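Undergrad: If you scroll down you'll find the structure; I have some questions about it.
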């Protein structure tokens with residue numbers, strides 16, 4: 001027998017390669033004794049079946065549970081925000097969401113104040129709900145990634161670095177948004193108010209979280225970033241006051257002029273056409289200033305918001321008519337000239 005035939009007889013025939021398992025065989029120690037995979041491997045000894053159950057039964061159930069919990073938390077937070085907004089709209093919440101006591105008595109006079117408060121609370125509730133939804137589902141998304149076996153540590157680190165970078169790069173934007181939130185929360189002004197914000201003043205047409213749009217008396221539209229508003233003068237919140245300074249000549253009797261001003265203001269107060277715009281009977285405060293050529297007497301009228309200018313115009317017209325009827329002299333510029341005597345001839 002030759003060497004080649006002896007070698008061929010002693011060499012075993014190769015066995016065909018079998019395909020590897022789709023799921024690796026896992027010992028119980030790799031699955032964990034408190035998991036579904038470990039429980040199946042411990043009782044059946046089949047790691048492939050344990051891995052299958054872990055990927056197609058346990059993990060989907062855990063992900064579904066995370067989503068359900070996130071949805072329940074979101075619903076609870078939204079319900080709490082809605083109840084808080086409803087209480088604030090009814091005026092039963094203390095603090096910044098409640099109306100100030102100084103103007104609470106006006107709600108029975110002006111039906112727009114409760115509506116304005118309701119719109120403000122609804123706007124803040126919408127913002128809070130959006131923030132809560134974003135936070136809850138962001139946390140749920142990160143937990144789902146962790147359940148899928150993805151290392152979330154780099155994601156959290158990257159998010160932190162990205163947040164710092166965005167914080168430095170968008171400081172102005174964040175400042176505008178925070179200022180807008182507090183302006184709405186504190187009810188500094190709303191749509192329809194006439195405000196003075198420094199460089200621009202006029203009627204508010206739109207209030208956003210980033211920009212406020214104003215239109216002045218000339219029709220010019222101003223876009224003011226909320227973060228740039230340092231102070232706000234609201235001329236139409238709660239109530240307003242028409243202030244009229246009337247100048248009369250020094251020769252006039254001040255007591256008589258005060259009586260005539262009271263008659264004109266009282267006639268406006270009793271007029272049914274103007275009575276709905278005026279909150280209290282007009283007052284004559286008295287002499288306000290002594291100028292070079294006149295005595296200034298001040299008359300004030302407490303009115304509804306945005307009605308002070310109409311009332312002031314009408315009262316000025318009535319004062320002028322009353323003065324004309326009673327011969328009260330209005331002041332005018334006077335100048336005295338001294339001429340030297342001519343020398344004797």
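The values are calculated or read from the model by the stated rules, or taken from the named source; none is laboratory data. The model shown is predicted, which means the values in this text are computed figures rather than measured ones. As a convention, Cβ positions derive from the backbone with ideal geometry for all residues, glycine included, and neighbour counts pool all protein chains shown.
Undergrad: Out of all the residues in the stretch 192-227, which are free of Cβ contacts under 8 Å to residues at least 12 places away in the same chain and closer than 19 Å to residue 175 by Cβ?
TA: Scanning the stretch 192-227 gives a single hit, 213.
Undergrad: What about residue 163, is it at negative phi, buried (at least 17 other Cβ atoms within 10 Å of the Cβ) and out of contact with any strand residue (DSSP E or B) (no Cβ under 9 Å at 6 or more places or on another chain)? Give the steps one after another, and end with the answer.
TA: Numbers: at negative phi: yes; buried (at least 17 other Cβ atoms within 10 Å of the Cβ): no; out of contact with any strand residue (DSSP E or B) (no Cβ under 9 Å at 6 or more places or on another chain): yes.
Taking the combined requirement at face value, the residue does not satisfy it.
Undergrad: Restricting attention to the stretch 142-160, which residues are outside any helix (DSSP H, G or I) and surrounded by fewer than 10 Cβ atoms within 10 Å (Cβ to Cβ)? Before the answer, list the steps.
TA: First, pick out the residues of the stretch 142-160 that are outside any helix (DSSP H, G or I): 148-152.
Answer for the stretch 142-160, where residues must be outside any helix (DSSP H, G or I) and surrounded by fewer than 10 Cβ atoms within 10 Å (Cβ to Cβ): 149, 151.
Undergrad: Is there a residue in the stretch 317-339 that is free of Cβ contacts under 8 Å to residues at least 40 places away in the same chain and within 40 Å of the chain's Cα centre (by Cα)?
TA: No; the residues of the stretch 317-339 include none that is free of Cβ contacts under 8 Å to residues at least 40 places away in the same chain and within 40 Å of the chain's Cα centre (by Cα).
The rows are residues; the columns are (1) more than 26 Å from residue 207 (Cβ to Cβ); (2) at pLDDT 75 or above; (3) surrounded by fewer than 16 Cβ atoms within 10 Å (Cβ to Cβ).
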residue	(1), (2), (3)
113	no, no, no
123	no, no, no
129	no, yes, no
134	no, yes, yes
140	yes, yes, no
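Undergrad: OK, next. So for the stretch 320-337 (the condition being within 29 Å of residue 216 (Cβ to Cβ) and modelled with pLDDT of 90 or more), does at least one residue qualify? Working first, answer last.
TA: Start the filter on the stretch 320-337 by keeping residues that are within 29 Å of residue 216 (Cβ to Cβ), which leaves 320.
If we keep only those that are modelled with pLDDT of 90 or more too, we end up with 320.
Yes: one or more hits.
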